[in-house]
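J.: Here it is: the structure, laid out below.
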Amino acid sequence: MNTTSSTVGCSKSDLATPALCLDLDKFESNVQTMVKTCRQHNVQWRPHAKCHKSPIIGRWLVEAGACGLTCATIREAEVMAEGGIADLLIANMIAGPVKVKRLAEIAGKADVIICVDDITQADPISAAVSQAGRSVRVLVELEIGMNRVGADPSAAIDLARRVADLPGLEFAGLMAYEGHLLTIADAAEKRNAIDNALTTVTRLRDQLEELGLPCPIVSCGGTGSFPITVQQPGITEIQAGGAIFMDAFYRELCGIDGLENALTILATIGSIPTANRAIIDAGRKAMNIEIYKPQVIGMTGVTVDSLSAEHGSLELTPDAAPLNIGQQIELIPGYADLTNVLHRCFYGIRNGIIEQEIPIVH
Ligand SMILES: Cc1ncc(COP(=O)(O)O)c(C=O)c1O
């Protein structure tokens, strides 16, 4: 039972549900696919840790060939640095004295790369890290259409120059995220849109280098775009992280294939109140439904209809596979990133047996 004692050595079917299960063979195959794809294109892989928040997984990825990890928060960077990951990109803005102080501490444990889109972020970071006798590398993040953070490309050269002049900061290149282009359905249109967006980045890289501001790092890319991004000349590393798990969003909406669904939610049918409805014990506190609906595995006519906090409602067609109260079923998360954060560990499983509990560090 996965309540207080270890589940290692137990069968998957002995897990108390809902449980977040990681098929280790499929996971390892995905990792190898990512390493191989990046090597083929001479691009580094710096997978995002936001999808797993696990120093154990972080170390496995680096051992497999990742150049380091990408983090979305200061907390993730602290956890990964404490877990022994030496090279960390924080792909988010660090603002306010509390975060700046924590960043200066992380810079004493790992080689850190940060992003800025305004000199106002850089000034206090420069003061804090140089006062601590440390330094961090800095990427200028560009806005390439996502309407989130990022400097306008026309302002980026001035920003890069100013960063390069600050003590404790080493200007190291550019970052951008083409996250607004992941779900373009037409493959040629998607490739074209990503090529255009990233050309803005690589052109700017060329300009900066001509001006004597070298850009050893040009970092882009996520799981929903990496097969295209990895081919873009001038990109030095990609951040695709969720690829290690795969989920329904990446496969169905982003059209990514060649990766295995390594991650599942194990759930139990608690009630079958009507012929067209069954209720499982996995609701919104076990899986995310906002980005894409979780998919029931291997059962015709059984789909997720809606979720409340601790109940999941399945819709059954008249020809649906027969279900029983107490039966376990498995679902592919709609979006792994926002599902994993609801759990305290992954159950790492091989051949139906729990091999390892992998804590998710919040
Ligand atoms: C800055 C940044 N890079 C990359 C990604 C892609 O992450 P993933 O590969 O897990 O989809 C995201 C996702 O939100 C992101 O915000």
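Just so you know, all these numbers are worked out from the coordinates, no wet-lab data involved. Just so you know, these numbers come straight off a predicted model, no measurement behind them. Cβ coordinates were reconstructed from backbone atoms using ideal geometry, including for glycine residues, and neighbour counts include every protein chain displayed.
J.: Around Ile297, with a cut-off of 15 angstrom between Cβ atoms, what is the net charge of the other residues, counting Lys and Arg +1 and Asp and Glu -1?
T.: Summing Lys and Arg as +1 and Asp and Glu as -1 gives -1.
J.: Next up: Let me check I've understood the local charge: for Trp45, count other residues with C-beta under 14 angstrom from its C-beta, Lys and Arg +1, Asp and Glu -1. What total comes out?
T.: Once all neighbours under 14 Å are counted, the net charge is 0.
J.: Please check: in the Gaussian network model of the chain (C-alpha springs, under 10 Å), which one of Ser313, Ser135, Ser271 has the largest mean-square fluctuation.
T.: Ser271
J.: Using the alpha-carbon atoms, what tilt in degrees (0 to 90, nearest 10) does helix 119-131 show relative to the longest principal axis of the chain?
T.: Relative to the chain, helix 119-131 is tipped by roughly 80 degrees.
J.: Looking only at the chain, where both bridge partners belong to it, what percent of the DSSP beta bridges are antiparallel (to the nearest 5)?
T.: Rounded to the nearest five, the antiparallel share is 50 percent.
J.: Take the alpha carbon atoms of the chain, find their radius of gyration, then divide it by 2.2 N^0.38 Å using N residues; give the quotient.
T.: 1.06
J.: Another question, then. Relative contact order for the range 86-240: what percent, with Cα pairs under 8 Å and sequence separation of 6 or more?
T.: Contact order relative to length: 18 percent.
J.: Let me ask something else. Compare the Cα positions of Gly222, Gly173, Ala95 along the charge dipole of the range 86-240 (+1 at Cβ of Lys, Arg; -1 at Cβ of Asp, Glu; about the Cα centre) and return the one farthest towards the positive end.
T.: Working it through, the farthest residue towards the positive pole turns out to be Ala95.
J.: Quote to one decimal, in nm, the extra length available between His362 and Ser135 on full extension: 0.36 nm per residue of separation minus the C-alpha distance between them.
T.: Length difference between fully extended and current span is 79.1 nm.
J.: What is the gain in length, in nm to one decimal, between Gln327 and Asp123 on full extension, counting 0.36 nm per residue of separation less the C-alpha to C-alpha distance?
T.: Here the segment from Gln327 to Asp123 would lengthen by 67.6 nm.
J.: Here's another thing I want to ask about it. Run the paramagnetic zone check for Val35: 7 angstrom along Cα to Cβ, then residues of the range 60-84 with backbone nitrogen under 16 Å.
T.: 60-69
J.: Running a GNM on the chain with Cα contacts under 10 Å, which residue among Leu142, Leu331, Leu316 ends up with the highest mean-square fluctuation?
T.: Of Leu142, Leu331, Leu316, the most mobile in the Gaussian network model is Leu316.
J.: Using 1/(1 + (r/R0)^6) with R0 = 35 angstrom and r between the beta carbons of Ile353 and Thr274, what's the FRET efficiency to the nearest 0.05?
T.: 0.45
J.: Here is a further query. Can you give me the Rg/Rh ratio for the range 188-240, using Cα atoms for both radii and the Kirkwood formula for Rh?
T.: 1.00
J.: Based on the alpha carbons, how large is the Rg to Rh ratio for the range 86-240 when Rh follows Kirkwood?
T.: On the Cα set of the range 86-240, Rg over Rh gives 0.99.
J.: Shifting gears a bit: Quick one: length gained pulling Val341 to Asp165 fully straight, 0.36 nm per residue minus the C-alpha distance?
T.: 59.5 nm
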